[in-house]
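Peer 1: Please read through the structure below; I'll follow up with questions.
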C-alpha cells in the first residue's frame, strides 16, 4: 500500500512555486557565485576581499534558505525560530576573533607594558 | 479543553496514545530535519571560524590554488543538483512518481560527480606534497584545516547521495511519500548552502595570483 501523502498535521508551508521561479533563483545564485570568483581576482587586500565574499555568501544563503528550502513559506513563528536561534549561535562564535588578532599582531595583551615586568 | 488535535488514534498511532500538536504545526520529521540543520550549521560555522582564526593568526598561510576551474565546476554541479532536487519534490507533490524518482536520481548523480571532482582535487594536492600535518608552501596547519572542512562537507555529500538513493527507491516503492522526499531535499539544499561559504573562504581567499 502506498504511504499516505497526507500527514496528521498538514505542513503549514504550501509549495506553489512555479519552475520559473526556481530557475530565476538558480540563475541569481549562479550570478552571485560568479561574483565571488570575480572578487577573488580583484586587486583587493584580504580583509576587503573577505568582507565582500562574506556579504555575497550571506545573500546566496538567504536565497537558498528562503526559496529552495521554502523557509519563507513556513509559519512566521517557525521562520523567526530558525533565523533568531541560528543567528544567535553563529554570532556567539565570533568571540575568538579578538584573540586571533592578538596572535597576529602581538598586541595589546601579548606584550608587557613599558616598565611593567611580567610575573 | 477539546482533545481535537491531541488524540492521534485516527492517524495510525496506538490506541489511547495522546500526542500534542507539533511545534509551529511543522510535521515531526520535518522539524527533526530543521533541528539537525541548525545543529549542523553550527558545526560547519565552528569549523570555518577556527579556520579563520588560524589563518588570521598565521603570517605564512599558504595560497596553493592557481586555477578556479575545478571549484567552479563543482559549484555549478552542486547548485544545479539543488535545482533538480526542487523539480523532484515538485513532481512528487504533484503525484508524478516516475518523474519525481527520475529527478531525485539525477540529483544523486550530481552529488556523485561533485564527490569525484572533489576526490580528484584532493589527490592533486596530496600529489603536490600536502598532507594533514605538512605542506611545501607554509603553515603546516593548512592541510589539517583544509582536509577537515572539505572532508566534513564531502562526508555530507556522500551521506546525501546515499539518502537520496534510499529515499528515492522507497518513494518509488510506495513506502515513503512526497513529504519524505521533501525532507531529504532540505538536507541536500543545506549541503549546497554550506558550500557557498566553503568556496570563498577555503578556496578563493587562498588563490595564488
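Peer 1: With a 10 Å cut-off between alpha carbons and a GNM built on chain B, which of B:136, B:23, B:64 moves the most?
Peer 2: Per the Cα network of chain B with a 10 Å cutoff, B:23 tops the list.
Peer 1: At 7 Å along Cα-to-Cβ for each site, give me the label-to-label distance between residue A:47 and residue A:83 in nm.
Peer 2: Going from the residue A:47 label point to the residue A:83 one covers 3.0 nm.
Peer 1: Quick check: residue separation of residue B:133 and residue B:175 times 0.36 nm, minus the Cα distance between them. What number comes out in nm? Kindly include the intermediate steps, with their values, before the conclusion.
Peer 2: Working: separation 42, 0.36 × 42 = 15.12 nm, distance 4.66 nm.
That works out to 10.5 nm of additional length.
Peer 1: Here's something else I'd like to know. Build a GNM of chain B with springs between Cα atoms under 10 Å: which of B:189, B:153, B:134 gets the top mean-square fluctuation?
Peer 2: B:134
Peer 1: Taking other Cβ within 10 Å of each residue's Cβ, how do A:99, B:180, B:192 sort, fewest first?
Peer 2: A:99, B:180, B:192
Peer 1: Among rounded, prolate and oblate, which fits chain B when a ≥ b ≥ c are the square roots of the eigenvalues of its C-alpha gyration tensor, a/c under 1.5 means rounded, and a/b larger than b/c means prolate? Before the final figure, lay out the partial values.
Peer 2: Values: a/c = 3.32, a/b = 1.93, b/c = 1.72.
Judged from the Cα gyration tensor, chain B comes out prolate (a/c at least 1.5, a/b above b/c).
Peer 1: Semi-axes of region B:100-184's equivalent ellipsoid from the Cα gyration tensor, sqrt of 5 times each eigenvalue, largest first, rounded to whole Å?
Peer 2: 36, 12, 7
Peer 1: Can you figure out the FRET efficiency of residue A:17 with residue A:55, using R₀ = 30 Å and their beta-carbon distance, to the nearest 0.05?
Peer 2: The pair residue A:17/residue A:55 has a calculated efficiency of 0.70.
Peer 1: Taking only Cα atoms, what is the 0 to 90° angle, nearest 10, from helix B:69-93's long axis to the longest principal axis of chain B?
Peer 2: For B:69-93 against chain B, the angle is about 0 degrees.
Peer 1: As a footprinting exposure proxy, order B:34, A:72, B:61 by other Cβ within 10 Å, with the fewest listed first.
Peer 2: On the way: B:34 22, A:72 13, B:61 18.
Listing B:34, A:72, B:61 from fewest to most nearby Cβ atoms yields A:72, B:61, B:34.
Peer 1: With a ≥ b ≥ c the root eigenvalues of the C-alpha gyration tensor of region B:21-102, is it rounded (a/c under 1.5), prolate (a/b larger than b/c) or oblate?
Peer 2: It comes out oblate by the Cα gyration axes.
Peer 1: Starting from 0 in steps of 10 Å, tell me what percent of the Cα-Cα pairs of region A:13-102 lands in each bin.
Peer 2: The percentages, shortest bin first, are 14, 33, 33, 16, 3, 0.
Peer 1: Also, quick follow-up: What is region A:28-72 by shape, rounded, prolate or oblate, if you read a ≥ b ≥ c off the alpha carbon gyration tensor as root eigenvalues and call it rounded for a/c under 1.5, prolate for a/b larger than b/c, and oblate otherwise?
Peer 2: Oblate is the answer for region A:28-72, as a/c is 1.5 or above yet b/c matches or exceeds a/b.
Peer 1: Additional query: According to a simple spin-label model (label point 7 Å from Cα along Cα-to-Cβ), what is the distance in nm between residue A:91 and residue B:42?
Peer 2: 1.6
Peer 1: For residue B:60 and residue B:28, what is the calculated FRET efficiency with R₀ set at 45 Å and r taken between the beta-carbons, to the nearest 0.05? Numbers along the way, then the final one.
Peer 2: Numbers: r = 50 Å, r/R0 = 1.12.
Approximately 0.35, to the nearest 0.05.
Peer 1: Tilt of helix B:141-173 relative to the longest C-alpha principal axis of chain B, in degrees (0 to 90, nearest 10)?
Peer 2: 30
Peer 1: For every helix of n ≥ 4 consecutive DSSP H residues, a contribution of -39,500 (n - 2.57) applies; sum these over chain B, divide by its total residues, and give [θ] at 222 nm rounded to the nearest 500 deg cm²/dmol.
Peer 2: About -24000 deg cm²/dmol.
Bear in mind these aren't lab numbers, they're just calculated from the coordinates by the rules spelled out. What you see is a predicted model; the values in this text were computed from it and never measured. Glycine gets a Cβ as well: all are built from the backbone with ideal geometry, and neighbour counts include every protein chain shown.
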